[in-house]
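Undergrad: Before I ask anything, let me first share the structure, which is written out below as structure tokens.
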Amino acid sequence: MNDELNMKNSPAFDGGRIAYIKPTGDEEAHRLGLIPPGITLPPGVKLYVLHAVDGSVLGYTDAYARAYGAAVQNELTPVSVH
């Protein structure tokens, strides 16, 4: 999984930067281009995608705790999206 974040022009929010963590299934992961065509996630498996305020993907992983940790490590304020 890709745990690295693309930190290009992360948006500011009240003096800090905010990022959204969204659980994502197979169909959404394909739409976002996170997994190649022909590859499917096992049933019930989710990716946790870290999004910038503008919706762009900053990174993704297979565990919520890693997405949260990556946000904090990169001085972003993580917010969960359901």
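Undergrad: Of all the residues that make up region 33-71, how many are over 11 Å from the mean Cα position of the chain (by Cα) and either over 16 Å from ILE18 (Cα atoms) or modelled with pLDDT of 95 or more (or both)?
TA: Matching residues across region 33-71 total 15.
Undergrad: Across region 63-82, which residue is farthest from THR24 (Cα to Cα) among those that are open to solvent by 70 Å² or more (accessible area, probe 1.4 Å) and part of a loop (DSSP other than H, G, I, E, B)?
TA: Across region 63-82, the extreme among qualifying residues is GLU75.
Undergrad: Let me ask something else about it. Looking at the structure I just gave you, is ILE18 open to solvent by less than 30 Å² (accessible area, probe 1.4 Å), part of a strand (DSSP E or B) and either modelled with pLDDT under 95 or touching a Leu at 6+ places or on another chain (Cβ under 9 Å) (or both)?
TA: Here the answer is yes, as ILE18 does meet what is asked.
The values are calculated or read from the model by the stated rules, or taken from the named source; none is laboratory data. From a predicted model like this one, the values you see are computed outputs, not experimental measurements. With ideal geometry, Cβ positions are generated from the backbone for all residues, glycine too; neighbour counts draw on all protein chains shown. What goes into the accessible areas is simple: the full protein's heavy atoms, side chains included, and nothing from ligands, DNA or RNA. Shrake-Rupley method; radii C 1.70, N 1.55, O 1.52, S 1.80 Å.
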